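Colleague: I am attaching a structure below and will ask some questions about it afterwards.
The values are calculated or read from the model by the stated rules, or taken from the named source; none is laboratory data. These figures come from a predicted structure and were not determined experimentally. Glycine gets a Cβ as well: all are built from the backbone with ideal geometry, and neighbour counts include every protein chain shown. Note: areas computed on protein heavy atoms with side chains; ligands, DNA, RNA excluded. Shrake-Rupley method; radii C 1.70, N 1.55, O 1.52, S 1.80 Å.
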Amino acid sequence: MPPSAVDPKTIGRGLGFAILAYFLWGLLPIYFVQLAPAGPFEIVAVRIILALIFCAFLLTVTRAWPTLIGLIRQPRVLGAMAIAGVLIYVNWQVYVIAIVTGNIVEGSLGYFINPIVTVLLGVFILRERLRPAQWVAIGISAVAILVIAIGHGQFPFLALTLAFSFGLYGYMKKRVSGQVDAVSGLTIETAVLTPVAAIQLVVVASTTGIVTGTAGTTQLLFMLAAGGITAIPLLLFAAAARRLPLVYIGMAQYLAPVMQFLIGVVVLHESMSISRWVGFGLVWLALIVLTFHSLRVGRAARPIVADTV
């Protein structure tokens with residue numbers, strides 16, 4: 001979708017959808033904190049089950065069950081969505097663990113470096129050739145991770161797991177993006193994960209005990225909202241993706257980790273050592289390099305695209 005071929009009103013609506021989606025994702029740390037004293041495995045299990053119920057409701061209201069059934073009958077699509085489901089499960093589980101253990105800042109780091117990971121996946125999976133600016137961004141990011149690891153005393157495994165799981169998830173979704181809509185995709189993913197969620201709840205019930213329903217009305221209401229809170233930003237993002245060129249999506253995606261970072265540092269007062277500030281500063285520098293490179297490539301491609309329309 002070349003920018004020159006898009007109606008300004010369409011871009012405006014698309015940006016509105018994208019900003020709202022990333023804004024809601026940015027608030028997730030505050031939401032998950034409200035689910036205490038439920039543990040991360042209980043939270044994710046309930047989130048999967050309620051998201052499936054919410055998607056089933058949407059499919060019923062929109063009469064989209066035939067579309068879902070048609071997708072399930074395609075082995076290639078079903079296989080890709082099953083793999084995507086496993087990857088988003090890893091992402092959800094690690095992210096909730098990061099939040100409930102007081103590592104929101106490291107969680108935000110994972111989403112800051114996700115664009116860098118996406119570039120790396122293009123090299124190793126799609127055999128793409130990198131331009132000098134992209135190599136510079138990757139090099140700066142590598143130095144940033146080393147600085148954070150040495151200064152903080154531990155390797156940022158949570159951040160890297162979040163970045164790679166979400167990057168691979170995006171790759172799997174991209175493979176079937178022309179066939180699978182947002183609701184059907186999330187329905188298949190959560191359906192694949194529901195047996196895992198059920199096993200998790202059984203294990204939690206037999207060990208620490210299930211908290212949901214015993215920790216007060218407020219906690220229960222927040223937990224029951226998990227299905228909508230999972231699905232609504234995804235639907236907004238899908239609406240934005242249909243209306244916006246990728247460069248706009250790329251710019252908007254930084255809103256969520258910026259909000260998560262600020263929540264961790266300003267609201268929940270996570271510690272930020274000098275090495276952490278230096279590491280994050282280097283990551284932000286890498287993102288600036290990558291963003292300006294993307295904008296330059298986008299502008300250079302515009303006349304070519306316009307001439308071929």
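To keep it simple, each residue is scored yes or no on (1) in contact (Cβ under 8 Å) with a residue 12 or more places away in the chain; (2) more than 26 Å from residue 45 (Cβ to Cβ).
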site: 66; (1), (2): no, yes
site: 74; (1), (2): yes, yes
site: 104; (1), (2): yes, no
site: 108; (1), (2): yes, no
site: 115; (1), (2): yes, yes
site: 118; (1), (2): yes, yes
site: 133; (1), (2): yes, yes
site: 137; (1), (2): yes, yes
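Colleague: What's the number of the only condition in (1) touching an Asp or Glu at 6+ places or on another chain (Cβ under 8 Å); (2) open to solvent by less than 60 Å² (accessible area, probe 1.4 Å) that residue 210 fails to meet?
Modeller: Going through the list (1) touching an Asp or Glu at 6+ places or on another chain (Cβ under 8 Å); (2) open to solvent by less than 60 Å² (accessible area, probe 1.4 Å), residue 210 breaks only (2).
Colleague: Another question, if that's okay. Which of the residues spanning the stretch 181-203 are of a type in the set (Val, Ile, Thr) and buried (at least 19 other Cβ atoms within 10 Å of the Cβ)?
Modeller: 183, 187, 188, 190, 192
Colleague: Identify, please: which residue in the stretch 47-79 is open to solvent by 70 Å² or more (accessible area, probe 1.4 Å) and among the aromatic types (Phe, Trp, Tyr) and is, among those, farthest from residue 196 (Cα to Cα)?
Modeller: Selected residue: 65.
Colleague: Right, here's the next one. Open to solvent by less than 70 Å² (accessible area, probe 1.4 Å), of a type outside the set (Ser, Thr, Tyr) and under 30 Å from residue 141 (Cβ atoms): does that describe residue 167?
Modeller: Here the answer is yes, as residue 167 does meet what is asked.
Colleague: Within the stretch 138-166, track down each residue that is modelled with pLDDT of 85 or more and small (Gly, Ala, Ser).
Modeller: Within the stretch 138-166, 139, 141, 142, 144, 149, 159, 163, 165 meet the criteria.
Colleague: Hey, another quick one. Do we find a residue being under 18 Å from residue 288 (Cβ atoms), open to solvent by less than 30 Å² (accessible area, probe 1.4 Å) and not hydrophobic (A, V, I, L, M, F, W, C) anywhere in the stretch 87-99?
Modeller: No.
Colleague: Give the stretch 266-279 a look and list any residue that's in a helix (DSSP H, G or I) and either loosely packed, with under 15 Cβ neighbours inside 10 Å or β-branched (Val, Ile, Thr) (or both), or say none.
Modeller: Selection gives 266, 267, 274, 277, 278.
Colleague: A further question on this structure: Can you pull out the residues in the stretch 220-238 that are open to solvent by 10 Å² or more (accessible area, probe 1.4 Å) and over 14 Å from the mean Cα position of the chain (by Cα)?
Modeller: Correct list: 220, 221, 222, 224, 225, 228.
Colleague: Something else now. Are there any helices (runs of 4 or more DSSP H) wholly within the stretch 122-233 with 3 or more residues that are over 19 Å from residue 106 (Cβ atoms) and of a type in the set (A, V, I, L, M, F, W, C), and if so which?
Modeller: Result: 132-152, 182-206, 217-224.
Colleague: Taking residue 125 as the residue in question, decide whether it is of a type in the set (A, V, I, L, M, F, W, C) and at pLDDT 85 or above.
Modeller: No.
Colleague: Just checking, how many residues over the stretch 126-145 are within 16 Å of residue 163 (Cα to Cα) and surrounded by fewer than 16 Cβ atoms within 10 Å (Cβ to Cβ)?
Modeller: The qualifying residues number 1.
Colleague: Within the stretch 176-219, work out how many residues are polar (S, T, N, Q) and within 17 Å of the chain's Cα centre (by Cα).
Modeller: Going through the stretch 176-219 one residue at a time, the tally reaches 3.
Colleague: Run down 150, 138, 99 and say which single residue is at negative phi and touching a Pro at 6+ places or on another chain (Cβ under 6 Å).
Modeller: On inspection, the qualifying residue turns out to be 99.
Colleague: Which count do you get for residues in the stretch 18-47 that are modelled with pLDDT under 90 and outside any helix (DSSP H, G or I)?
Modeller: Counting residues in the stretch 18-47 that are modelled with pLDDT under 90 and outside any helix (DSSP H, G or I) gives 1.
Colleague: Moving to a separate point now. Go through the residues of the stretch 2-17 one by one and say whether even a single one is at pLDDT 90 or above and buried (at least 21 other Cβ atoms within 10 Å of the Cβ).
Modeller: Checked against the condition, which is being at pLDDT 90 or above and buried (at least 21 other Cβ atoms within 10 Å of the Cβ), the stretch 2-17 yields no hits at all.
Colleague: Going through the stretch 185-214 one residue at a time, which ones are within 24 Å of residue 37 (Cβ to Cβ) and free of Cβ contacts under 8 Å to residues at least 60 places away in the same chain?
Modeller: 199, 202, 205, 206, 207, 209, 213, 214
Colleague: Can you go through 287, 295, 262, 282 and tell me which one is in a helix (DSSP H, G or I) and touching a helix residue (DSSP H, G or I) at 6+ places or on another chain (Cβ under 6 Å)?
Modeller: Sole residue among the options that is in a helix (DSSP H, G or I) and touching a helix residue (DSSP H, G or I) at 6+ places or on another chain (Cβ under 6 Å): 282.
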